[in-house]
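Below: the structure, in structure tokens.
The values are calculated or read from the model by the stated rules, or taken from the named source; none is laboratory data. The model shown is predicted, which means the values in this text are computed figures rather than measured ones. Every residue, glycine as well, gets a Cβ built from its backbone with ideal geometry; the counts of neighbours run over all protein chains shown.
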Amino acid sequence: MIISVASGKGGTGKTLVATSLALSLIDNCKVQLLDCDVEEPNANILLHLAMKQSQPVYISIPRIDETKCTYCGKCAEACAYNAIAMIKEKVLVFPELCHGCGACSYLCPESAITEEGREVGMVEMGNSGNLKLIQGKLNVGEAMAPPVIREVKKYIDPASLVIIDVPPGASCPVVEAVKGSDFCLLVTEPTPFGLNDLSLAVEVVRKLGMPYGVVMNRVGIGGEEVEKYCHREGIPILLRIPLDRNIGMLYSQGISLIEGMPQWREGVLRLFQDIKDMIAASRVAK
Amino acid sequence: MKEIVVLSGKGGTGKTSIVASFAALAQSKVLVDCDVDAADLHLLLNPKVKEEKEFWSGQIAFIDEEKCTECGLCQELCRFGAIKDFEVDPLSCEGCGFCYQVCPADAITMKDSMSGHSFISETKYGYLCHARLGIAQENSGKLVALVRQNAKLIAERENLDYIITDGPPGIGCPVISSLSGASLALLVTEPTLSGIHDLERVIGVCRHFGIPVLVCVNKYDLNEENTYRIESYCTNEGIEVAARISFDNAITEAIVQGLPVVEYSNNKVTQQIKELWQIISTKLEK
């Protein structure tokens, strides 16, 4: 079972919720937590696992053998990202623009293009008992998060319960992280920003077509609008976490909610039960 | 004309509240929201849209069922896993056109994709250039570049002193696109371990692209020990911490009212943000 934890708006508590789920469930089963917020991975700040393995992530970029190249220009023409340019008798490659699709090397009539790996990030792994953390890390200065996210997701073990910590927003990295999940939890807060960004995240999840529900964090600030929106749209609010300076304080020190306030475990387990029920109901409906 | 971009790495640290306050404090400026996939600045500035344009960018492959011979070549070559059972999943397609170029039956066409909208609006504080990326779309970097270009043209035409930009969270494609060539990046962080971790990475990105930075610690009194850590880290790195901003519900209350916090209250937070703007504008005059 794969549960992704997304939000639209940043800083609403995705990592707090993802780590709480993972830590509440490790007594019952094997859990993999995938930190797919590869631009700013934070899950291990709350989990403190020793990272034992790391694997660089490469994307394939073209290398042009100038002794074979006839400057026909087919590669530059084929590249949708303008990562190859022909200037007179010279081929220029712009590695940061390359998506690694492989069209240029395949289509080169002289077989003058080979591919070489360019490192864009890392996948790191650590575990403790039933918990395994797999985190992606985009290299500083790199633009493209999706290749790193794809690499992290290759480690999904179908025998484990998988929890995915998703990056904020509503664009391609979010889709890359969430797709293939059985359920998506959307974490929000009761402010106009929370509402606006929640409604965008809801559209993404609807497009991806999976059951989803809301966790409302910092209940007590803001107003009723998010509650009203969820009610109107028929979206269940599965967990409410109050605005509590103690929770903020624990988080600021890198202490997970389950470790610092174990009384939350019960509520998080109930949340998990609700998620399982919703997944089962949606399978029946299909 | 000087361009200030407000970034944070971590989401939810208060970028938008600070930019909206600068909107009210700065005299001669145009405002930009570069968080195109979860834009919130408009919620505080009450804009009247004057110009709306469709944003067409990138392409998506379509397979003509009638021409397709189901040879499977496209499926085999697509590195984004976007083709399954001779159908293209538009959410996975990165528009490289590899399939289109190799299809022996000419069954694949590339269709332009409408990836969002860009807006130029008027607010009581001046022009606002913003955008809405289509749900689950790519090319946020290009839309960011377009929004910034719109702002630059306005600033030149009206002879304005400042372009003030609300940036996206993270360190990837839209952040890099928001940042290139800016006069100064203001990095808004919070005294949590995640905030510090993410700040370090966004500082790395700014350095990579040679953009001068200034740091501001929001909600500094949430954990003063961490605030000291941030300040001493910055001192060691030769980075100025320009402001400490207190944790105050007035910031959330202002969001609920749809106002910049400096227009909503006249308490300590407002004074701190005013002083911050003073420091930034003095710095930029040099």
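Numbers below:
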read-out: Those residues of segment A:37-61 which are within 13 Å of chain B (Cβ to nearest Cβ), outside any strand (DSSP E or B) and touching a strand residue (DSSP E or B) at 6+ places or on another chain (Cβ under 7 Å), in sequence order; value: A:D37, A:V38, A:E39, A:P41, A:A43, A:N44, A:L47
read-out: Selected residue (criterion: nearest to B:F62 (Cα to Cα)) from residues of segment B:86-95 that are of a type in the set (D, E) and more than 8 Å from chain A (Cβ to nearest Cβ); value: B:E87
read-out: Subset of segment A:92-116 [part of a strand (DSSP E or B) and surrounded by 21 or more Cβ atoms within 10 Å (Cβ to Cβ)]; value: A:I113
read-out: Whichever residue in segment A:85-143 is touching a strand residue (DSSP E or B) at 6+ places or on another chain (Cβ under 8 Å) and charged (D, E, K, R) and, among such residues, is farthest from the other protein chains (Cβ to nearest Cβ); value: A:K132
read-out: Residue list for segment B:231-286, filter: buried (at least 19 other Cβ atoms within 10 Å of the Cβ) and hydroxyl-bearing (S, T, Y); value: B:T252, B:Y264, B:T270
read-out: Filtered residue count, segment B:128-149, keeping only those that are surrounded by fewer than 21 Cβ atoms within 10 Å (Cβ to Cβ) and closer than 16 Å to B:I4 by Cα; value: 2
read-out: Segment B:1-50 - residue that is in contact with a Leu (Cβ under 8 Å, 6 or more places away or on another chain) and among the charged types (D, E, K, R) and, of those, surrounded by the fewest Cβ atoms within 10 Å (Cβ to Cβ); value: B:K2
read-out: Residue under evaluation B:L222, criteria (1) under 21 Å from A:G248 (Cα atoms); (2) touching a Pro at 6+ places or on another chain (Cβ under 7 Å); (3) crowded, with 23+ Cβ neighbours inside 10 Å, criterion not met; value: (3)
read-out: Residue ID - nearest to B:I239 (Cα to Cα), chosen from residues in segment B:188-202 that are surrounded by fewer than 24 Cβ atoms within 10 Å (Cβ to Cβ) and at the interface with chain A (Cβ under 7 Å from one of its Cβ atoms); value: B:R201
read-out: Residues located in segment B:171-193, provided they are under 22 Å from A:L46 (Cβ atoms) and in contact with a strand residue (DSSP E or B) (Cβ under 8 Å, 6 or more places away or on another chain); value: B:I171, B:V188, B:T189, B:E190, B:P191
read-out: Wholly within segment B:224-286, helices (runs of 4 or more DSSP H) carrying at least 2 residues that are touching a residue at least 12 places away in the same chain (Cβ under 8 Å) and of a type outside the set (A, V, I, L, M, F, W, C); value: B:224-237, B:261-264, B:268-285
read-out: Hits in segment B:68-85 (condition: on the phi > 0 side of the Ramachandran plot and either of a type in the set (A, V, I, L, M, F, W, C) or more than 12 Å from chain A (Cβ to nearest Cβ) (or both)); value: B:E70, B:G72, B:D85
read-out: Residue check for A:T19: crowded, with 24+ Cβ neighbours inside 10 Å and either part of a helix (DSSP H, G or I) or outside the structural domain of A:I149 (by TED's automatic domain parsing) (or both); value: yes
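Conditions (1) part of a strand (DSSP E or B); (2) at pLDDT 95 or above; (3) surrounded by fewer than 24 Cβ atoms within 10 Å (Cβ to Cβ), marked per residue:
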position: A:I134; (1), (2), (3): yes, yes, no
position: A:V162; (1), (2), (3): yes, yes, no
position: A:P168; (1), (2), (3): no, yes, no
position: A:V174; (1), (2), (3): no, yes, no
position: A:G180; (1), (2), (3): no, yes, yes
position: A:L185; (1), (2), (3): yes, yes, no
position: A:G213; (1), (2), (3): yes, yes, yes
